[in-house]
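The values are calculated or read from the model by the stated rules, or taken from the named source; none is laboratory data. Everything numeric in this text was worked out from a predicted model, so none of it was measured. With ideal geometry, Cβ positions are generated from the backbone for all residues, glycine too; neighbour counts draw on all protein chains shown.
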Amino acid sequence: MPTRILGIESSCDETAAAVVVDGRDILSSVVSSQLDIHRKYGGVVPELASRAHLRQIVPVVREALLQAGLDFADIDAVGVTQGPGLVGSLLVGVTYGKVLATELGKPLVPVNHLEGHVHAVFLEAHLGGKTPELPAICLIVSGGHTLLYHVEAAAGNGNAAMRGFQFRRLGGTRDDAAGEAYDKVARLLALGYPGGPIIDQIAGKVAASGAEFKEKDALSFGPVKIKGNPYDFSFSGIKTAVLYYVRAHPEFVAEIETRKKAFQEGLRKASELLPLCSPRTLSMIAKFQSAVVRDLVTRTLEAVEETGARTVLVSGGVAANSELRDRFALRASPKGVRVFFPSRALSTDNAAMIAAAAYPHLLAGHFAPDDLNAEPNLRLA
Ligand code: KG4
Ligand code: ZN
């Protein structure tokens with residue numbers, strides 16, 4: 001009998017529900033984003049996030065069931081994100097999940113959000129008929145995390161997505177997450193929130209135009225130097241370099257003000273903001289992105305060499321980045337290393353990945369205790 005799991009995700013600013021069969025086939029995946037609520041603050045406001053989850057969780061779950069063509073009674077188990085994330089946000093999903101599972105008399109499976117991001121890669125690869133080989137090096141790169149793991153299949157029968165994974169943490173960010181650096185730089189330059197997609201698009205257009213901006217005192221970034229663990233990351237230096245550069249050039253003030261006004265008037269697309277950026281700003285945006293991407297790719301591929309893994313898995317919101325995808329492909333394929341990304345929709349937070357991650361735990365009988373609580377600092381390894 002196929003196993004239908006209802007996944008619930010509420011760790012940050014997306015309320016999501018999905019139904020996935022046997023950890024592989026997505027029957028529905030509904031995501032209600034709170035971007036419009038948080039945009040004007042330039043980041044996620046935790047209190048507003050939990051209130052929005054409270055409003056959205058019931059309609060989002062109903063919609064996921066409707067799209068899957070199922071009733072509550074057809075669900076075999078509920079998988080819910082237990083952590084890591086914002087405590088108030090997590091509590092909404094955990095509490096709802098507990099009540100629902102109890103009412104239905106079905107098992108509740110607590111899921112680590114980060115494990116969900118890894119399953120997102122497998123879900124997508126499965127759709128394309130190509131399953132990543134393990135062991136792999138996994139880069140989870142989002143607004144809240146920049147983490148590098150060595151991943152193996154857990155002991156047991158069946159394919160890795162059924163058995164689940166075993167993680168060894170190689171490194172993580174010591175300060176800002178990569179997505180956080182994108183968001184902070186975008187806020188500084190008045191490019192809106194979230195910063196990743198707009199910086200990605202502008203940097204892409206700059207690269208495609210082939211135009212080279214040659215200022216005498218151009219901003220430039222060397223490799224990020226970190227003492228100790230070579231698999232740790234640090235993005236605050238890159239972000240601060242942008243800040244100091246902007247402060248050192250008073251001519252940025254007027255164009256930043258112009259963009260703020262344009263933004264208030266509703267101009268938010270890259271194509272609308274690009275004409276409001278000076279060549280110096282465009283060059284800075286492109287270089288900022290290249291510096292972040294170069295560091296992510298270099299450290300990940302160093303881990304690949306060191307461990308002998310032949311596969312890289314990249315997931316999390318920043319995995320949607322075009323230059324990251326291109327640069328990985330360019331640098332990994334000559335080494336015979338295959339890189340797997342989820343589609344953009346499954347890279348950012350969603351509940352299909354949570355339902356998929358719940359499946360091996362359901363098979364292994366890892367059910368939630370009655371006093372299951374949200375764990376804002378839950379670790380993977
Ligand atoms: O995984 P996610 O949806 O939520 C978190 O768990 O944080 O990731 C959101 C982050 C934001 O910081 C956003 O700026 C970044 O992912 N992001 C991107 C792109 N799309 C989203 N960063 C770079 N390039 C993108 N195309
Ligand atoms: Zn996430």
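Being away from ligand 1 (no atom under 16 Å from the Cβ) and in contact (Cβ under 8 Å) with a residue 60 or more places away in the chain is a property that Leu134 has. Scan segment 57-70 and tell me whether some residue there is outside any helix (DSSP H, G or I) and either modelled with pLDDT under 95 or among the hydrophobic types (A, V, I, L, M, F, W, C) (or both). Taking every residue of segment 57-70 in turn, at least one turns out to be outside any helix (DSSP H, G or I) and either modelled with pLDDT under 95 or among the hydrophobic types (A, V, I, L, M, F, W, C) (or both).
In the set (1) away from ligand 2 (no atom under 16 Å from the Cβ); (2) outside any loop (DSSP other than H, G, I, E, B); (3) not aromatic (Phe, Trp, Tyr), Leu114 fails one condition alone, (1). Screening Val31 against (1) modelled with pLDDT under 95; (2) within 14 Å of ligand 1 (Cβ to nearest atom) leaves a single unmet condition, (1).
All conditions but one from (1) out of contact with any Lys or Arg (no Cβ under 6 Å at 6 or more places or on another chain); (2) more than 9 Å from ligand 1 (Cβ to nearest atom); (3) in contact (Cβ under 8 Å) with a residue 12 or more places away in the chain; (4) not basic (Lys, Arg) apply to Gly210; the one that does not is (3).
Could you count how many residues in segment 220-256 are of a type in the set (A, V, I, L, M) and over 20 Å from Ala177 (Cβ atoms)? Even if it seems obvious, please write down each step before you answer.
First, pick out the residues of segment 220-256 that are of a type in the set (A, V, I, L, M): 224, 226, 238, 241-243, 246, 248, 253-254, 256.
Restricting the remaining residues to those that are over 20 Å from Ala177 (Cβ atoms) gives 246, 248, 253-254, 256.
Residues flagged as of a type in the set (A, V, I, L, M) and over 20 Å from Ala177 (Cβ atoms) within segment 220-256 amount to 5.
Among the residues of segment 96-111, those that are farther than 17 Å from Thr81 by Cβ and either within 16 Å of ligand 2 (Cβ to nearest atom) or assigned to a helix (DSSP H, G or I) (or both) comprise Thr102, Glu103, Leu104. Residue count for segment 342-354, restricted to those that are of a type outside the set (D, E, K, R) and surrounded by fewer than 24 Cβ atoms within 10 Å (Cβ to Cβ): 2. In this structure, Ala345 does not qualify as in contact (Cβ under 8 Å) with a residue 12 or more places away in the chain, in contact with a Ser or Thr (Cβ under 6 Å, 6 or more places away or on another chain) and within 16 Å of ligand 1 (Cβ to nearest atom). Looking at segment 135-243, the helices (runs of 4 or more DSSP H) lying wholly inside it that each contain 2 or more residues that are closer than 24 Å to Val337 by Cβ, more than 16 Å from ligand 2 (Cβ to nearest atom) and aliphatic (A, V, I, L, M) sit at 160-163.
For segment 44-65, a residue qualifies if it is of a type in the set (D, E, K, R) and over 20 Å from Gly85 (Cα atoms), and the qualifying residues are Arg62, Glu63.
Rundown of residues vs (1) modelled with pLDDT under 95; (2) assigned to a helix (DSSP H, G or I), yes/no style:
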{"site": "Thr258", "(1), (2)": "no, yes"}
{"site": "Ala262", "(1), (2)": "yes, yes"}
{"site": "Arg268", "(1), (2)": "yes, no"}
{"site": "Ala291", "(1), (2)": "no, yes"}
{"site": "Asp295", "(1), (2)": "no, yes"}
{"site": "Glu302", "(1), (2)": "no, yes"}
{"site": "Glu306", "(1), (2)": "no, yes"}
{"site": "Val314", "(1), (2)": "no, no"}
{"site": "Val318", "(1), (2)": "no, yes"}
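Return a yes/no flag: does segment 135-142 have any residue that is surrounded by fewer than 24 Cβ atoms within 10 Å (Cβ to Cβ), modelled with pLDDT of 95 or more and not assigned by TED's automatic domain parsing to the domain that holds Gly196. Looking through segment 135-142, at least one residue is surrounded by fewer than 24 Cβ atoms within 10 Å (Cβ to Cβ), modelled with pLDDT of 95 or more and not assigned by TED's automatic domain parsing to the domain that holds Gly196.
If you check Ala364 against the conditions, is it away from ligand 1 (no atom under 13 Å from the Cβ), over 21 Å from the mean Cα position of the chain (by Cα) and buried (at least 17 other Cβ atoms within 10 Å of the Cβ)? Spelling it out, it is not the case that Ala364 is away from ligand 1 (no atom under 13 Å from the Cβ), over 21 Å from the mean Cα position of the chain (by Cα) and buried (at least 17 other Cβ atoms within 10 Å of the Cβ). If you go through segment 320-335 and pick out every residue that is surrounded by fewer than 17 Cβ atoms within 10 Å (Cβ to Cβ), over 18 Å from Ala181 (Cβ atoms), at pLDDT 95 or above and small (Gly, Ala, Ser), you end up with 1. The single condition among (1) on the phi > 0 side of the Ramachandran plot; (2) part of a helix (DSSP H, G or I); (3) not polar (S, T, N, Q) that Leu346 does not satisfy is (1).
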